[in-house]
Structure formats: structure tokens, C-alpha cells
Amino acid sequence: MADSEHFAILKQGVEVWNSWREQHRHVLPNLRGIQLVGANLIDANLIWANLFSANLRGVDLRNANLRSANLRGAILSTANLCGAYFIGADLSGTNLTDANLSLSRLAGASLRGADLSRSNLSGAILGATVFGGTSLSDTTGLGSCEHLQPSGESSETGMPGAGFQANSLR
């Protein structure tokens, strides 16, 4: 369950939230299971945030920083995630259907078991990104992804699927 104080601050808007984050750098935000369908979170600082099972359907997270965030099982379908930072984030089992992930940074992120059906990955930056069991049906932009290093089915080097490039998933 989310920390009610953290959720109340976030609902006041990104400017208030980011200011609070700046003043409370040591706090790891607990937003587990929140419901923020269609919210405007452009440029939000959600570094290390716990968004486990959050419903963020249709949310606008353009250029948001979700580095090392826990988004396991979250719903981000139809979300605008253009330019968002997901470096080292856990997006395992996340619903990203119809999401715009163009220009997002997914290096070191885990997308194990995530559903990216019909999502847009145009210009996304990948590297050591884990894709095991990920649904990429009708995903666009795979051929335009930038690869900093190989990505695969496992975070362990040498495991099955390690070293594939996203454009080989078509």
C-alpha cells in the first residue's frame, strides 16, 4: 500500500512533487498500487520510486526520471513515456500496450514478461535490457533503437538469448 503522504504530495502536481523530492533526497517514495489514470507527470522525479502494481494508464510521463524505479506489474497502457528515463528500472510484468516509449532510455531495465504490444520504441536507447518473455507483437520502431550494448532474455551474460538486437525480434 502506498504511503498516503507521498501520494498526497504527488497529487499536488509535478512542481510540488519535484521540490519535495529535492528536499527529501533520502526518502524512497512508496506509491505502490496508486491509481493515477491519465495524470500529467511530465518531468516528474520518480527515481527509486516504488510503483509496484500502480495504475498509470494513459499517464503523461514525458521526460520523467524513473531510474531504478519498481514498476513491476504496473499498468502503463496508452501512456506517453517519450524521452523517459527507465535506466535500471524493473518493468517486469508491466502492461505497456499502446504506450509511446519513443526516445526513452531503457538501458539496464528489466522488461521480463512485459506486454509491449502495439507500443512505439522509435529511437529508444537499449543496453543490457532484459526482454525474456516480453510480448513485442506489432511493436513499432524496433529497427531504430540505439544499442549501447547487447540486450537479451536474461540479465546474466551467456544465458539463452543474450546478445540479440531488438530488430531481430520482428
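The values are calculated or read from the model by the stated rules, or taken from the named source; none is laboratory data. All of these numbers come straight from a predicted model, not from anything done at the bench. Neighbour counts run over all protein chains shown; Cβ positions are idealised from the backbone, glycine included. These area figures cover heavy atoms from the full protein model, side chains too; ligands, DNA and RNA do not enter into them. Shrake-Rupley method; radii C 1.70, N 1.55, O 1.52, S 1.80 Å.
Numbers for the structure displayed
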| read-out | value |
| --- | --- |
| Residue in region 75-91 that is open to solvent by 40 Å² or more (accessible area, probe 1.4 Å), modelled with pLDDT of 95 or more and more than 25 Å from Glu146 (Cβ to Cβ) present | yes |
| Test for Leu116: is it over 17 Å from Ala69 (Cα atoms), open to solvent by 20 Å² or more (accessible area, probe 1.4 Å) and either modelled with pLDDT of 95 or more or among the small types (Gly, Ala, Ser) (or both) | no |
| Of residues in region 31-49 being in contact with a helix residue (DSSP H, G or I) (Cβ under 9 Å, 6 or more places away or on another chain) and in a strand (DSSP E or B), the one surrounded by the fewest Cβ atoms within 10 Å (Cβ to Cβ) | Asn40 |
| Test result for Arg72, under 15 Å from the mean Cα position of the chain (by Cα), in a loop (DSSP other than H, G, I, E, B), buried (at least 21 other Cβ atoms within 10 Å of the Cβ) and in contact (Cβ under 8 Å) with a residue 12 or more places away in the chain | yes |
| Lone unmet requirement of (1) surrounded by fewer than 19 Cβ atoms within 10 Å (Cβ to Cβ); (2) in contact with a strand residue (DSSP E or B) (Cβ under 8 Å, 6 or more places away or on another chain); (3) modelled with pLDDT of 95 or more for Glu153 | (3) |
| Any chance Leu28 is part of a loop (DSSP other than H, G, I, E, B), modelled with pLDDT of 95 or more, more than 20 Å from Phe131 (Cα to Cα) and open to solvent by 60 Å² or more (accessible area, probe 1.4 Å) | yes |
| Residue list for region 1-32, filter: over 16 Å from Leu56 (Cα atoms), basic (Lys, Arg) and in contact (Cβ under 8 Å) with a residue 12 or more places away in the chain | Arg21 |
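So that you can scan it fast, the table gives a plain yes or no per residue for (1) at positive phi; (2) without any contact (Cβ under 8 Å) to a residue 40 or more places away in the chain; (3) under 10 Å from the mean Cα position of the chain (by Cα):
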{"position": "Arg67", "(1), (2), (3)": "no, yes, yes"}
{"position": "Thr78", "(1), (2), (3)": "yes, yes, no"}
{"position": "Ala84", "(1), (2), (3)": "no, yes, yes"}
{"position": "Ala89", "(1), (2), (3)": "no, yes, yes"}
{"position": "Leu96", "(1), (2), (3)": "no, yes, yes"}
{"position": "Ser102", "(1), (2), (3)": "no, yes, no"}
{"position": "Leu106", "(1), (2), (3)": "no, yes, yes"}
{"position": "Asn120", "(1), (2), (3)": "no, yes, no"}
